[in-house]
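Here is the structure we will look at.
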Amino acid sequence: MDSPSNPFPDPDSGIDAIARAQLDAEASRTDPGTLWEGVLHRLNAATTRPVEPRITRHRWRRAGTIAALAVLAALLFIGTFYVPSQREALASPAEVVQAARAVYKQGDTRCYRVTLTLPARLKEAIPLLAHEAGPRTLCTRGDRFVVEPGFGGKGAWGRDAAGRIWVAPTNDGAAVYDVSELPLPLQNAVKIHELELGPLLDDVLADFDLTWSEPPNLPADTYTITATRHTQAGPFRIASAKLVIERETKLIRSLTVNRQLLGESGATGVFNLISAVAKDDAAYSPESHVKPGAPVYDRSKPMQRRRFILQHIGSILGNGQ
Amino acid sequence: MLTDEERKRYEAWVLAVGPRALAYARSLIPNGTQAEDVVQECLYRLLRRVAEYNLERDGVKLLFKAISNLCINQATRNKAVLSLDAVRDEDDRSIPVPDHSALRPDQIMQYRELEEKVRQTLQNLPPLQRAAVELRSLGMSKEDIGETLGVSTSNAGVLVHRGRQTLARELGSQTGEGSDEGV
C-alpha cells in the first residue's frame, strides 16, 4: 500500500489472488461515477457557506478576541437567566419540512438512487417491478420523471411534460400512453415510483404526525424526521415516511416511503439524493432516450405500440397489456 | 464550492479507489445500497478533512479503516439476518491445505463457477476474517490490516491465516491446488 501511483499492488498467487480476483470482479460491476457525483454534491453543499468578514491586522485580531470574549460572557449571563431552555431555539420537525418545501420550489431537477422493496405476494401483483434488480436512478422535476434503467433493467421509462407515460426499453423505439389508456401494470409502477416532492411535502405537512427520528441537537449535518399519516392510508398512498434533510441547504438527501398496497403488505421505496441539476423538458421525453428518427408509438398506432411493448417487455408485463 | 483543481484531484482519486472500496463494502454488507451509502459517507468525511493528512499516501488506508468500522459493526449487528452460516468452526486443527500456486488471476476469472464459489465462501467467513483476507488481497501488510480492523498485528495474522485456510479447504475441490503462505 506504499506506492501512491498503485494503491492496490498485485497480490501473490494462490488464495490471495483468488480473493483479489473476486473483489476485482465485483469492483468491475460498480459505478464509481455515481459514487463520485454523490460525494461531490455533499462536498459542494458543505463548502458553500457565507464568507465571514476577516480582520487581518494583528492588533485588530487581538482586540476582536477580547471583544468576542466579552460578548460571549454577556450572552452566557443573559442565557443563564433569561433563556428558558436550549430546546426552544431548535426548529420543529414541521418547520424543517416547511423549509425543505420552500427550497424545493426553486425547481431544479433532483436525481435520486431508488431502491424498492416489495413483499413476495406483491411481486405477483406487480410483475413489472418484480423483475427489478438493484437500484435505479430517478430524476424528477414537478410531475415529470425518468427512471433508468427501465423495466427488467432495460432502457428507461418516465413521464413527460404532457403527463404521458413512456417506455423505451431500447434505443430503437418507445411506446407512449396517455393517462386514460395506461395499462394497469404501468399504472401501478407509476404510483410506486412517482416522487412529486412538492405535493408530497404538502401532504406530509397537512396529514402526517411529524417527529424527530434522531434528536435534532446531535452534531450531524442532517435532520431526520419520521412522518406518520394521521389516518388509514388508501391503496398506494403513503402510510409513513422518513425524511433526511440537510441542515444547511434544506435539500432532501434521503426519503424512505412506505406505501400501503394490498392489505397489510406495503412497498418501501428508498430515494437517496445523488444530485440537484438543471435538466430541460427534453430530458423527460421518450425522444431523448431513443436514436434520432427511431419510432415513438402513441395512441395513433395502437397495434404497433402493442407489438413493440410485447416484443421488448412482454415476458415481464404478463397479462397487463 | 471546491476549486477546479481540488475537484479533479478528488475525482481521480475516488474513481481509482472507489470500485474496490465498494466491492469491499459489498462483501461485508450484502445490501448493495447500504454498502454504497457507507462508502459515500466515508469518502465524504475523508475528503472534508483532506487538509489533515496526505490523501495519496494515507487515503486508502483511512478509507478502508472507516469502511471496516461501519460495515463490520453493521454486519455484526445483523449477523442473524445476513448469514446463518456466519458462525463457523474456528479451532486450529491441522487441515491439509491444497496448493493453489499454479493458478493465476487471469486463469481464475475464466471460471464463472469458481467465482461464485469464492463469493459464497467469502460470504460465509466471519466478518473479520473476510475483511482480513480481502485487505490482504489488496496488498495490505499484517500491520496495516491490524490497524484497519482495530486488532493487534498478531491477531490480524491469525485472521488472515484462518480465512485462507477456510478458503483453501472450501475451494480445494474446485481448484485442486493451494498454498497458505504467511502474511
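The test for being crowded, with 19+ Cβ neighbours inside 10 Å, out of contact with any Gly (no Cβ under 8 Å at 6 or more places or on another chain) and modelled with pLDDT under 50 does not hold for B:ILE145. Residue-level check: of (1) at pLDDT 85 or above; (2) more than 7 Å from chain B (Cβ to nearest Cβ), A:LEU23 misses just (2).
Looking across B:HIS100, B:HIS161, one residue alone is modelled with pLDDT of 90 or more and either more than 9 Å from every other protein chain (Cβ to nearest Cβ) or in a loop (DSSP other than H, G, I, E, B) (or both). It is B:HIS161.
Say we look at the range B:37-60 and pick out the residues that are within 7 Å of chain A (Cβ to nearest Cβ), out of contact with any Pro (no Cβ under 8 Å at 6 or more places or on another chain) and in contact (Cβ under 8 Å) with a residue 12 or more places away in the chain; which of these is surrounded by the most Cβ atoms within 10 Å (Cβ to Cβ)? Ranking the qualifying residues of the range B:37-60, first place goes to B:VAL39. The residues in the range A:181-213 that are loosely packed, with under 14 Cβ neighbours inside 10 Å and touching a strand residue (DSSP E or B) at 6+ places or on another chain (Cβ under 7 Å) can be counted, and the count is 2.
Looking only at residues that are touching a helix residue (DSSP H, G or I) at 6+ places or on another chain (Cβ under 9 Å) and closer than 18 Å to A:THR109 by Cα in the range A:195-216, which one is modelled with the highest pLDDT? Residue satisfying both the conditions and the ranking: A:LEU201. So for the range A:215-227 (the condition being buried (at least 21 other Cβ atoms within 10 Å of the Cβ), farther than 20 Å from A:ARG144 by Cβ and not β-branched (Val, Ile, Thr)), does at least one residue qualify? Yes: one or more hits. Count of the range B:66-85 residues, restricted to those that are touching a Gly at 6+ places or on another chain (Cβ under 8 Å) and either crowded, with 19+ Cβ neighbours inside 10 Å or modelled with pLDDT of 85 or more (or both), is 1. Select from the range B:1-16 the residues that are within 9 Å of chain A (Cβ to nearest Cβ), assigned to a helix (DSSP H, G or I) and surrounded by fewer than 22 Cβ atoms within 10 Å (Cβ to Cβ) and list them in ascending order. Passing the criteria: B:GLU6, B:ARG7, B:TYR10, B:GLU11, B:LEU15, B:ALA16.
The values are calculated or read from the model by the stated rules, or taken from the named source; none is laboratory data. Everything numeric in this text was worked out from a predicted model, so none of it was measured. Here the Cβ is made from the backbone with ideal geometry for all residues, glycine too, and neighbour counts use every protein chain on show.
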